[in-house]
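Shown next, in structure tokens, is the structure this report addresses.
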Protein chains: 2
Amino acid sequence: MSVVSQSLVKKTFVGKVLALCGGVGGAKLAWGLTQALLPEQLTIVVNTGDDFEHLGLHISPDLDTVMYTLAGIHNRELGWGLAGESWQCMAALEQLGGETWFRLGDRDLATHLFRTQQLSQGKSLTEITATLYRQLGVQHTVIPMSNDAVRTRVNTDIGELAFQEYFVRRQCQPKVLGVHFAGAESASVSPQVLAALADPDLRAVIVCPSNPLLSIAPVLAVRGLRSALQATTAPVVVVSPLIGGKAVKGPTAKMMQELALPCDSMGIADFYRDIADCIVIDEADSADMNKLGIQTRVCKTLMKTDDDKRRLANALLAIVEKDLLQGK
Amino acid sequence: MSVVSQSLVKKTFVGKVLALCGGVGGAKLAWGLTQALLPEQLTIVVNTGDDFEHLGLHISPDLDTVMYTLAGIHNRELGWGLAGESWQCMAALEQLGGETWFRLGDRDLATHLFRTQQLSQGKSLTEITATLYRQLGVQHTVIPMSNDAVRTRVNTDIGELAFQEYFVRRQCQPKVLGVHFAGAESASVSPQVLAALADPDLRAVIVCPSNPLLSIAPVLAVRGLRSALQATTAPVVVVSPLIGGKAVKGPTAKMMQELALPCDSMGIADFYRDIADCIVIDEADSADMNKLGIQTRVCKTLMKTDDDKRRLANALLAIVEKDLLQGK
């Protein structure tokens, strides 16, 4: 595991950026932003609606996906977990008749054991996250959306499911009838998030191309976060997770269809209309350019290579600096 | 992992045996007894005074040492843990700055995760132990001494230490001033242990050559167990863990000296005098034969090979059958 190299990157953006993200897609852009911005310029707020307790461990899938990605030790083939992971514990657990539907790698287990122990000692998820990221050499600031439990629940045609039951155990197969975020109304936004949003140096909020219904909605559901986003003077830029009406990965398109939401740029624009100042869509959707009733910009949003991630991050920052901030 | 082969062993002993044991030395003889007795003939009662909570996991070191030994998957080099174990989780935990003084192998972790989850679901340690042993193919009955928490505490020249703090973290280096078993007075003996002791077919209780102060004393400290042992009609046979005044492994001799107990056959005889009908000492100590004020037999008690373990088990059963039971 190595500290992310930043020495070769020229940082030119002035001011600070706050990014909201969930899992894999969001983590890719978050990594791109760390390559374009200095540690003190970037705060990444991560969804914890996917968090759950399993085998007595507190597991924070999105915080870990972002952490492993920023540390450069993520598993690029699986899309989750660690590169070069081993699975001895799961193999032994299977022999014992234990639950193995949620695959925990041997090295990944250390993260969950550490976090669970620190939580039991009264540390906050924000403190523990900072420690974990620091130990893995990540220098940029990453904050869970809340220290309080918010749990994404998916209402489906086979009943209400906890998020991981729907997402991992049943592989997103049940038809989605609705989603809600248990605990969100009583959860408090992490104070560091509110401080970052109120920072006079904040120049942009970037909503990463994560699943809006499962990864960004829980963040926005935390009491006070939506209004803080509406109150911030920095432009809020949403990167659409759809390309040509399809998601790069995951059940975004399937869910939008099941919920009768338009599965296109307009659906995304509608979803974020009350907080977004600008929506960024892929070149494949450039025909939507003037139809969305909101400032729209076109970029190549697909991130396959590290170069793609850097390029999208820099393109977004250029849109913010040379375009959205010009009138302010 | 394989079921212990029993097909080649001729079982001739008639009736049932209950064995008390702790860790490594006890596990060796326990394995020997499983080779000489059918599953329905043998009940093994294991010390849980070493149990502790670590990294949020409930760890039962003696139950696991006995389990891995009986399943034939124990690590013969280390004397604890699993053969062919990997250590990826510990390596990752070390990088995170977590606690790694108690080494948990990747496959071993599955045992602790399974046990901890089952305990949190309200299962008893006895039930969970039965499940774990069965899953690993062990057919003989193994029971924790109690389902209630009994925690061995070691009073030392640097203060009172939890057992694993003394034993593993400080490698038995502090001078021992005393030992006590927190919770023992209010703990209940596992009902299966009492039933085994009251079974009219019981022909012997064998106290394995475990550390008397750390492995057997906590068993005897559980409320009601000592009196049940005194009340049983079967002879109680103690195998001395000392050979020529030295322990085969572990701090038995060092502790006996620190506590000013005679570190020889007499010390062991005194320790067990109120429950023992017979003490078995090693050939090296045959000079003590008629000095102990208790029936004494001499055997080769050192167990280096599997043959040694089988031979000692059969020798003990022969002593019981042809000797101690003759007068009854």
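The numbered conditions (1) within 30 Å of B:Leu93 (Cα to Cα); (2) touching a residue at least 24 places away in the same chain (Cβ under 8 Å); (3) part of a loop (DSSP other than H, G, I, E, B) are all true for B:Phe13 except (1). Is it the case, given these coordinates, that B:Glu94 is farther than 29 Å from B:Asn147 by Cβ, of a type in the set (D, E, K, R) and surrounded by 14 or more Cβ atoms within 10 Å (Cβ to Cβ)? Taking the combined requirement at face value, the residue satisfies it.
What tally of residues in the range B:35-73 results from selecting those that are within 15 Å of the chain's Cα centre (by Cα) and under 27 Å from A:Cys89 (Cβ atoms)? Residues in the range B:35-73 being within 15 Å of the chain's Cα centre (by Cα) and under 27 Å from A:Cys89 (Cβ atoms): 18 in total.
Taking the range B:248-266 as the range and being under 18 Å from the mean Cα position of the chain (by Cα) and part of a loop (DSSP other than H, G, I, E, B) as the test, the residues that pass are B:Val248, B:Lys249, B:Gly250, B:Pro251.
Return a yes/no flag: does the range A:53-62 have any residue that is on the phi > 0 side of the Ramachandran plot and away from chain B (no Cβ under 14 Å). Before you say what the answer is, go through the steps one by one.
Our first condition is that a residue be on the phi > 0 side of the Ramachandran plot; within the range A:53-62, this holds for A:55-56.
If we keep only those that are away from chain B (no Cβ under 14 Å) too, we end up with none.
No, the range A:53-62 contains no residue that is on the phi > 0 side of the Ramachandran plot and away from chain B (no Cβ under 14 Å).
Being farther than 15 Å from A:Pro61 by Cβ and loosely packed, with under 14 Cβ neighbours inside 10 Å: is that true of A:Pro191 here? The answer is yes for A:Pro191.
Counting only residues that are more than 14 Å from chain A (Cβ to nearest Cβ), of a type in the set (D, E, K, R) and touching a strand residue (DSSP E or B) at 6+ places or on another chain (Cβ under 9 Å), give me the strands (runs of 3 or more DSSP E) lying completely in the range B:110-204 with at least 1 of them.
Working: elements: B:141-144, B:151-156, B:159-162, B:176-182.
Counting at least 1 such residues, we get B:151-156, B:159-162.
Considering the range A:30-52, and only residues there that are of a type in the set (Gly, Ala, Ser) and out of contact with any Phe, Trp or Tyr (no Cβ under 8 Å at 6 or more places or on another chain), the residue that is farthest from the other protein chains (Cβ to nearest Cβ) turns out to be A:Gly32. The residues listed here are B:Leu93, B:Leu63; of these, the one that is among the aliphatic types (A, V, I, L, M) and more than 28 Å from A:Tyr68 (Cβ to Cβ) is B:Leu63.
Restricting B:Leu312, B:Leu302 to those that are modelled with pLDDT of 95 or more and in a helix (DSSP H, G or I) reduces the list to B:Leu312. Among the conditions (1) surrounded by fewer than 17 Cβ atoms within 10 Å (Cβ to Cβ); (2) in a helix (DSSP H, G or I), A:Tyr68 misses just one, which is (1).
Taken over the range A:222-247, the criterion of being under 22 Å from A:Lys175 (Cβ atoms) and not in a strand (DSSP E or B) is satisfied by A:Pro241, A:Gly245. Step by step: first the residues of the range A:81-109, then only those that are more than 9 Å from chain B (Cβ to nearest Cβ) and of a type in the set (Phe, Trp, Tyr), then the one that is nearest to A:Thr43 (Cα to Cα). Which residue is that? My answer is A:Phe102.
The values are calculated or read from the model by the stated rules, or taken from the named source; none is laboratory data. All values derive from a computational prediction rather than experimental measurement. Note that we place each Cβ from the backbone using ideal geometry, even for glycine, and neighbour counts take in every protein chain shown.
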